[in-house]
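Novice: Structure incoming, see below.
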Amino acid sequence: MRSGPRIALGGFSHESNAFASAQDVGLAHFLARRDRPPLLLGDELPRGLARGSFPTTGFLRAIGADAHLRPLAWASGGAGGLVSDEAFEHIAQALLSRLRAVGALDGLFLELHGAMATPALDDPEAELLRRVRGVVGDQLPIVVTLDYHANLSPDFARLIDGAVVYRTYPHVDRVQCGELAARLVRRLAGGGRVPGVAIAHPPFLIPLHAQSTLAEPSRGLAAMSLADAGDVVSRCYAAGFPPGDSHWCGPSVMVHATHQAAADAACEALHRQVLDARAAFDARLLPCDTAVRLALRHAQAPGRGPVVLADVQDNPGAGGSAACTGVLAELVRQQAPDALLGILCDPEAAAAAHAAGEGACLGLALGGTHGVPDQPAFVGRFTVERLGDGRFTTTGQVAGGNATELGPMALLRLGGARVVVSSVRMQAFDPAPFHHLGADPAAAALLALKSTCHFRADFGAMAREILLVEAPGDAVANPARYPYRRLRPGVHRTP
Ligand SMILES: [Zn+2]
């Protein structure tokens, strides 16, 4: 005899930088374990996500033992270029074929990102939901979790019944958002569609490094997102992902409510709040040479902890290659005596270091992106200080507890600079990859991190100072520099 609601769950997420040099997010990307599990099908889903730091982890924790779960498919690409159309079709099909087989449902939960794009699809999440609606019909409540960087469209808003968007950047509330989504699904289960929906788009873009919720105005805006508050089923502020180049790229406000007037009123009020905050977004960056000079000076002053240099434009979590060497070159040029840099992705250099062995000295052309003039390799003789197999479990606040495989890793030294090298891209948001190679980020005088904002969660507290650096990379910080093709007309490229 049935007691609890019948709920299907799945996930398909990726953050697409349309301008990344490497457009390599094919099916193989989703089938490999990296800093997240590979594609999970059916019963693999609850097993693979019960521990970790994903919204689905929180959803599984909070949905209740009486619920009858129908796991579909889950895939997370993290960030990079456009998802190939082949990969999108394969994963969508994996999810939909199971959805067709699960029988009657009372609710559906999906873990999405909101800023995916493919060569053929401007809004793949809406396309996925259209196909889901084609299976489940137009009465089933659908609740999703969304990344704070979602680029949300009106079509997308109309296809769902409620959303829980991350309220933090660094994203330290993913699991909690999954828990909130579980409660929302339970509230809506069996009750039909939510009738009120409203969405609004402020007419400007917000650079990623100006979106941190550790500071105003983003702190206050993100705090307005909520789920399950009386008439308002959910209210979302998404800051948008400027490198996404979709028609609806940029910040948005989305409300689902029990009646249209409530949705309109809540949407309009929050939209007004975003418009009023426009002048307060701080998008300043320091030129690389200035940043390193300041860091060297400030590191000598009395105090504790490293000066952090955030290499924001080579953040692989926003589509950077993580192979850029602009900051490394400047550290070497200014003879930084004690600098630790990570995580630079170069599988060939890691393999060469493993072949040479710990203690060896070898000449390398480290990093660099072939064919991109301002992203050269750094040529020098490096000492192999430490090797690692790249297998560790993350320990940080952004995405802790995830079994991770970054392939062969090496800690290389050149003068006073040490570089953490991996074979698979991972944003420097967690201390575990440094500890894996015996490097202590807290003990370095200068700590150069390939991250825009997530680094603040674990490295912010140890830092004596944080400097945001403008060095070459594919995660270009200033949206005015992107050659948009899909972005709707009339949008200002800066706040
Ligand atoms: Zn994000």
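Novice: Could you tell me the center-to-center distance, by alpha carbons, between region 434-495 and region 291-308 in angstrom?
Specialist: Cα centroid to Cα centroid, the span is 18 Å.
Novice: With an 8 Å cut-off on Cα pairs and a minimum separation of 6 or more residues, tell me the relative contact order of region 6-280 in percent.
Specialist: 20 percent
Novice: Considering only protein heavy atoms and a probe of 1.4 Å, how much of the accessible area of the chain is carbon and sulfur, as a whole percent?
Specialist: Whole-percent figure for carbon plus sulfur exposure: 51.
Novice: So how long is each side of the chain along the principal axes, counting just the alpha-carbon atoms, biggest first, in Å?
Specialist: Over the chain, Cα extents along the principal axes are 67, 47, 41 Å.
Novice: Quick one: accessible area per residue over the chain, 1.4 Å probe, rounded to a whole number of Å²?
Specialist: Computed with neighbouring chains in place, this is 35 Å² per residue.
Novice: Can you say what percent of the DSSP beta bridges in the chain, counting only those with both residues inside, are antiparallel? Round to 5.
Specialist: Looking only at bridges with both residues in the chain, the antiparallel portion is about 45 percent.
Novice: Name the long-range amide H neighbours of Ala79: under 5 Å, sequence gap of 5 or more, or other chain; modelled H, no Pro or chain starts.
Specialist: Glu15
Novice: Given labels modelled 7 Å from the Cα in the Cβ direction, how far is it in nm from Asp85 to Val379?
Specialist: 4.1 nm
Novice: Could you work out the local net charge near Gly305, counting Lys and Arg as +1, Asp and Glu as -1, over the other residues with Cβ closer than 12 Å to its Cβ?
Specialist: 0
Novice: Can you give me the relative contact order of region 299-427 as a percent, contacts being Cα pairs under 8 Å and 6 or more apart?
Specialist: 29 percent
Novice: Taking amide hydrogens as modeled 1.01 Å from N in the peptide plane, which residues meet the under 5 Å criterion relative to Gln375, leaving out close sequence neighbours?
Specialist: Thr369
Novice: OK, next. Contour minus end-to-end for Arg130 and Asp440, with contour as 0.36 nm per residue of separation and end-to-end as the Cα-Cα distance?
Specialist: The span from Arg130 to Asp440 would gain 106.8 nm if fully extended.
Novice: Just report the Cα centroid separation between region 32-53 and region 369-427, whole Å.
Specialist: Each part reduced to its Cα centre gives a spacing of 24 Å.
Novice: Could I ask something else about it? Output wanted: per-residue J couplings in Hz (rounded whole) for region 67-78, from phi through Karplus 6.51 cos²θ - 1.76 cosθ + 1.60, θ = phi - 60°, x for Gly and Pro.
Specialist: Karplus-based 3J(HN,Hα) across region 67-78 equals 5, 9, 8, 10, x, 9, 7, 9, 9, 10, x, x Hz.
Novice: Between Ala280 and Arg464, what is the spin-label point distance in nm, taking each point 7 Å from the Cα along the Cα→C-beta axis?
Specialist: Modelled inter-label distance: 3.2 nm.
Novice: Let me check I've understood the local charge: for Glu86, count other residues with C-beta under 15 angstrom from its C-beta, Lys and Arg +1, Asp and Glu -1. What total comes out?
Specialist: Local net charge: -4.
Novice: Can you give the extra length, in nm with one decimal, that the chain gains between Ala101 and Gln334 once fully stretched, where that is 0.36 nm per residue apart less the Cα-Cα distance? Write down the numbers at each step before the final one.
Specialist: On the way: separation 233, 0.36 × 233 = 83.88 nm, distance 6.24 nm.
The Ala101-Gln334 span can extend by a further 77.6 nm.
Novice: Quote the relative contact order of the chain in percent (integer), defining contacts as alpha-carbon pairs under 8 Å separated by 6+ residues. Mind dumping the intermediate values first?
Specialist: On the way: 1335 pairs, mean separation 84.8, N = 495.
In percent, rounded to a whole number, it is 17.
Novice: Return, ordered by residue number, the residues of region 303-324 whose backbone nitrogen is under 12 Å from a label point located 7 Å along Cα→Cβ of Asp24.
Specialist: It comes to 321-323, nothing else.
The values are calculated or read from the model by the stated rules, or taken from the named source; none is laboratory data. Everything quoted here is computed from the prediction, not taken from an experiment. Here the Cβ is made from the backbone with ideal geometry for all residues, glycine too, and neighbour counts use every protein chain on show. Quick note on the areas: whole protein, heavy atoms, side chains included, nothing else; ligands and nucleic acids left out. Shrake-Rupley method; radii C 1.70, N 1.55, O 1.52, S 1.80 Å.
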